[in-house]
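All remarks here apply to the structure that follows.
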Amino acid sequence: MVEHGRRSAGAKGLGPWLARVAPRSARGSVTVAILSDSKVKALNRKYRRLDRTTDVLSFPEAGSAVVFNLQGRALQSTPFLGDIVIGRGLAQKQARILGHSLATEFRVLALHGLLHLLGYDHEGDNGRMARAEARLRRKAGLPLGLIARSS
């Protein structure tokens, strides 16, 4: 089960949703951050050496996270899968162009980012990630995923 980490106002409910639709093999926690396009562009430039904004970035992490209750007591140590960063402006533009809500676009992008955290890479996996994304997208009732849009 994927658990969510920090949420911005735009991501409200995104973590629990992602936990429900994640593949059964996904065990651990993720952090989802929704940032300005300029911040996403800076991250893309720093970590991928691409000087442009993008809709979603994934930063895999090996390790574990400690989950705390409201009283600050550690409940469990769970694997930390990594961070998913979504560009708010580009997500808004894509949602408008595709005719669906921003919440739907956040879900499409978060699902794509999660698959990258799980080790999928659509640039050289002979369609493995595209098939996983399509299966999970159908399960979640989402429109076309990122890979299908760019094909």
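The values are calculated or read from the model by the stated rules, or taken from the named source; none is laboratory data. Note that the structure is predicted; figures quoted are calculated from it, not measured. Because the Cβ atoms are built from the backbone with ideal geometry, glycine has one as well, and the counts that use them run over all protein chains shown.
In table form, for the structure just shown:
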quantity	calculated
HIS112 within 14 Å of LEU18 (Cα to Cα), within 14 Å of the chain's Cα centre (by Cα), touching a residue at least 40 places away in the same chain (Cβ under 8 Å) and surrounded by 23 or more Cβ atoms within 10 Å (Cβ to Cβ)	yes
Strands (runs of 3 or more DSSP E) wholly inside segment 1-83 that include at least 3 residues being modelled with pLDDT of 60 or more	28-35, 56-60
Residue in segment 115-128 that is surrounded by 14 or more Cβ atoms within 10 Å (Cβ to Cβ) and without any contact (Cβ under 8 Å) to a residue 12 or more places away in the chain present	yes
Test result for ALA148, on the phi < 0 side of the Ramachandran plot and exposed (fewer than 15 other Cβ atoms within 10 Å of the Cβ)	yes
Pairs where the first residue, in segment 28-50, is on the phi > 0 side of the Ramachandran plot and the second is part of a strand (DSSP E or B) and of a type in the set (Gly, Ala, Ser), C-beta under 6 Å, 6+ apart	none
Selection count where residues are assigned to a helix (DSSP H, G or I) and more than 17 Å from ILE86 (Cβ to Cβ), scope segment 98-134	6
